[in-house]
Amino acid sequence: MGKVVVITGAGSGIGRATARVLLDAGHQVVLAGRRPEQLTEAAAGRPNARVVPTDVTDAESVRALFADTVATFGRVDVLFNNAGVFGPAASITEIDVEQWHTVWRTNVDGSVFCAREAARIMAAQLPRGGRIINNGSLSAHRPRPPSLAYTVTKHAITGLTASMLLDLRALGICVTQLDIGHAATAMTAVFTATTQSD
């Protein structure tokens with residue numbers, strides 16, 4: 001039996017490609033996201049897949065995701081905190097308040113809510129521990145104009161990763177971050193290598 005992996009934003013892009021690679025490798029993969037049809041298509045009827053429609057900006061929805069994961073598979077070995085939005089092409093003088101809040105809630109609140117639930121489970125399960133992988137961005141190092149909301153939230157993910165790395169290592173939880181730029185699905189090979197390196 002493979003590891004139990006939760007992937008947010010699993011209905012498209014990097015999340016979808018990663019889910020398929022890990023499903024083919026024999027892992028139990030929970031595909032989370034806002035669009036059930038896309039999640040179901042990404043799972044493609046594989047028996048080791050579990051589709052759980054989730055709004056990562058809603059703490060109760062995230063709690064239900066991880067409760068379902070434990071009820072189905074018994075534990076959480078890996079969280080790939082992948083869900084995110086780019087938001088508007090806007091500078092500091094142009095950003096709309098609601099657009100700002102939407103990007104922040106998805107990229108930062110969503111990552112915090114998911115990491116919190118995963119870490120609580122990983123700390124309590126036997127054997128203890130696991131791995132949390134946050135999807136950062138090269139925008140945290142080299143911003144593109146005009147991408148204020150996205151750039152700021154990806155800087156926040158870097159801080160989240162650094163803080164969790166310090167707080168969770170004593171609990172046997174490894175925290176890492178992938179800073180991805182323009183990506184082809186071949187990037188999932190890197191993720192697969194990191195999850196299988198234990």
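The values are calculated or read from the model by the stated rules, or taken from the named source; none is laboratory data. These numbers were taken from a predicted model, which means no experiment stands behind them. So basically every Cβ, Gly included, is an ideal-geometry build from the backbone, and we count neighbours across all protein chains shown. Quick note on the areas: whole protein, heavy atoms, side chains included, nothing else; ligands and nucleic acids left out. Shrake-Rupley method; radii C 1.70, N 1.55, O 1.52, S 1.80 Å.
Would you mention how many residues in region 49-93 are assigned to a helix (DSSP H, G or I), acidic (Asp, Glu) and either under 17 Å from Val29 (Cβ atoms) or in contact with a His (Cβ under 7 Å, 6 or more places away or on another chain) (or both)?
Number of matching residues: 1.
For Ser163, which of the numbered conditions (1) modelled with pLDDT of 60 or more; (2) over 23 Å from Ala123 (Cβ atoms); (3) surrounded by fewer than 16 Cβ atoms within 10 Å (Cβ to Cβ); (4) among the small types (Gly, Ala, Ser) fails to hold?
Tallying (1) modelled with pLDDT of 60 or more; (2) over 23 Å from Ala123 (Cβ atoms); (3) surrounded by fewer than 16 Cβ atoms within 10 Å (Cβ to Cβ); (4) among the small types (Gly, Ala, Ser), Ser163 fails exactly one: (2).
Any idea how many residues of region 112-139 are open to solvent by 10 Å² or more (accessible area, probe 1.4 Å), of a type in the set (Gly, Ala, Ser) and in a helix (DSSP H, G or I)?
Total meeting the criteria: 3.
Restrict the check to region 37-59 and report whether at least one residue is open to solvent by less than 60 Å² (accessible area, probe 1.4 Å) and among the basic types (Lys, Arg).
Checking region 37-59: not a single residue is open to solvent by less than 60 Å² (accessible area, probe 1.4 Å) and among the basic types (Lys, Arg).
Residues of region 151-160 being of a type in the set (Ser, Thr, Tyr) and either more than 16 Å from the chain's Cα centre (by Cα) or open to solvent by 70 Å² or more (accessible area, probe 1.4 Å) (or both), which ones?
Thr151 - this is the single residue of region 151-160 that is of a type in the set (Ser, Thr, Tyr) and either more than 16 Å from the chain's Cα centre (by Cα) or open to solvent by 70 Å² or more (accessible area, probe 1.4 Å) (or both).
Would you pick out the residues in region 137-168 that are in contact with a strand residue (DSSP E or B) (Cβ under 8 Å, 6 or more places away or on another chain) and within 20 Å of Phe80 (Cβ to Cβ)?
Residues satisfying the conditions are Ser139, Ile157, Thr158, Leu160, Thr161, Met164, Leu165, Leu168.
What's the total number of residues in region 109-155 that are β-branched (Val, Ile, Thr) and under 16 Å from Val175 (Cα atoms)?
Number of matching residues: 4.
All but one of (1) open to solvent by 20 Å² or more (accessible area, probe 1.4 Å); (2) in contact with a Ser or Thr (Cβ under 8 Å, 6 or more places away or on another chain) hold for Arg142; which doesn't?
(2)
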